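A short write-up of the structure that comes next.
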Amino acid sequence: MKPWEANIRRVAPYVPGEQPKGEKLIKLNTNENPYPPSPGVKQALAQMDCDWFRKYPDPAATVLIKALSKTYGVEEDRIFVGVGSDDVIAVAFMTFFNSRKPILFPDVSYSFYKVWADLFRIPYETPALDDNFCIRKEDYYRENGGIIFPNPNAPTGLLMPLSEVEDIIAHNQESVVILDEAYIDFGGESGIKLTEKYDNLLVVQTFSKSRSMAGMRIGCAYGHPDLIRALNDVKYSYNSYTMNIPSLVLGAKALEDDKYFKETLDKIIYTREQAKIRLGELGFSFPDSMANFIFASHKERRAEEIYKALRDNNIYVRYFKQPRLDNHLRISIGTDEEMEALYIFLKEFL
Ligand code: PMP
């Protein structure tokens with residue numbers, strides 16, 4: 001061992017989904033949107049002037065914050081933006097989760113929460129989902145240093161009614177509750193309006209899923225101006241969290257085309273509901289997802305076996321080799337053609 005190795009910070013990093021490249025593959029493994037960003041985004045990209053890049057971006061992200069304010073009817077001082085919701089949440093962990101009390105998040109949930117808690121040395125407890133994979137709100141009625149959970153949850157896709165989300169917030173006014181709404185646009189009711197009523201609530205959203213812009217890294221959060229101010233203070237202490245110019249401009253542009261946004265959402269929701277029927281016919285069972293993925297297990301075949309067979313045939317779905325998840329596949333909703341290719345393969349294979 002080299003003498004300096006004892007000083008190295010070792011963490012168990014997040015394991016991202018595979019990003020295979022190729023013409024013919026069908027990628028249903030990282031919950032990306034199968035449709036392109038809005039035509040207005042494409043046009044704005046074509047009109048972008050390279051000379052803009054000589055200068056640093058606006059750290060206050062004014063153009064994007066103004067556009068979000070207009071779209072969601074939220075005042076500008078109640079909005080925070082960052083480099084994808086991953087960074088927004090990471091900044092929020094650093095800002096709000098500083099007590100010695102453990103933060104709470106579900107045992108089956110977005111796996112980055114545990115990574116950040118470890119990285120920032122935040123103690124945590126992970127209440128177990130019930131037998132139907134639901135979050136039990138009562139598990140969050142205890143002393144804590146903060147709470148975070150996704151709604152709909154990932155990777156289950158299950159949506160908690162907003163009234164139950166509110167119960168959790170109302171029971172925890174001593175700590176900050178982060179509601180991760182990465183998948184809310186696929187059929188859920190957002191908690192943004194609750195941020196008017198509860199000053200301890202931060203609602204986080206992303207442009208990666210419903211707005212087809214995962215590659216641009218755009219995330220945002222809504223909350224009381226005091227929370228937003230605290231987030232900005234931490235953000236400005238780490239310059240790397242400042243969004244770049246194309247993301248600011250194209251993100252603002254994406255918000256203009258509401259018709260396209262709703263049309264793509266409708267298509268994905270329709271395909272998801274079809275997928276529930278088709279996967280059911282093929283012998284799969286799954287929680288009733290309200291997200292853009294389905295968390296499915298097969299009545300006879302092991303998930304790992306199906307995952308490998310699909311992969312060998314250039315169809316990528318997500319398989320998590322961990323307790324409680326390891327007989328499930330998380331299948332992102334693709335186009336109708338991609339889903340049809342999946343069903344055809346599965347029908348042959350199973
Ligand atoms: N929250 C949840 C629940 C997610 O599944 C993801 C995507 N993997 C994110 C946050 C982060 O998304 P992004 O950083 O692309 O905005």
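What would the Debye formula give as log10 I(q)/I(0) at q = 0.13, 0.23 Å⁻¹ for the alpha-carbon point model of segment 53-120, no solvent? Evaluating at q = 0.13, 0.23 Å⁻¹ gives log10 I(q)/I(0) of -0.54, -1.02.
Summed over the residues of the chain and divided among them, the accessible surface reaches 48 Å² per residue at a probe radius of 1.4 Å.
With the cut-off at 1.5 for a/c, could you classify segment 257-350 from its C-alpha gyration tensor as rounded, prolate or oblate? Prolate, because a/c is 1.5 or more and a/b exceeds b/c.
For N132 and E75 in one chain, what is 0.36 nm times their gap in residues minus the Cα-Cα distance, to one decimal in nm?
16.7 nm
Considering only S208, S285, S240, the mean-square fluctuation computed in a Gaussian network model of the chain, springs between alpha carbons under 10 angstrom, is largest for S240. Within the same chain, lysines fewer than 8 places from K42 are excluded, and of the rest, those with a Cα less than 30 Å from its Cα are K21, K24, K27, K55, K66, K70, K209, K235, K253, K259, K262, K267.
Just want to confirm a number: the relative contact order over segment 74-204, from Cα pairs under 8 angstrom separated by 6+ residues, in percent. Intermediate results must be reported in sequence, preceding the final value.
Numbers: 192 pairs, mean separation 28.9, N = 131.
Relative contact order for segment 74-204 comes out at 22 percent.
Relative contact order of the chain, please, whole-number percent, based on alpha carbon pairs below 8 angstrom and at least 6 residues apart. Mind dumping the intermediate values first?
Details: 599 pairs, mean separation 82.1, N = 350.
Computed value for the chain: 23 percent relative contact order.
How much of the accessible area of segment 223-309, in percent, comes from carbon and sulfur atoms when a 1.4 Å probe is used? Roughly 50 percent, rounded to a whole number.
If a/c stays under 1.5 just call it rounded; otherwise compare a/b with b/c (prolate if a/b is bigger, oblate if not). Do that for segment 160-238, with a ≥ b ≥ c from the square roots of the Cα gyration tensor eigenvalues.
Numbers: a/c = 2.64, a/b = 1.10, b/c = 2.40.
Since a/c reaches 1.5 but b/c is at least a/b, the shape of segment 160-238 is classed as oblate.
What is the percent of Cα-Cα separations in the chain that go past 38 Å? Tail fraction, whole percent: 17.
Using the average count of surrounding beta-carbon atoms within 10 Å as a protection proxy, the listed peptides 217-230, 297-310 rank, highest first, as 217-230, 297-310.
The values are calculated or read from the model by the stated rules, or taken from the named source; none is laboratory data. Since this is a predicted model, take the numbers as computed values, not measurements. With ideal geometry, Cβ positions are generated from the backbone for all residues, glycine too; neighbour counts draw on all protein chains shown. In case anyone asks, the SASA skips ligands and DNA or RNA and just uses the protein heavy atoms, side chains included. Shrake-Rupley method; radii C 1.70, N 1.55, O 1.52, S 1.80 Å.
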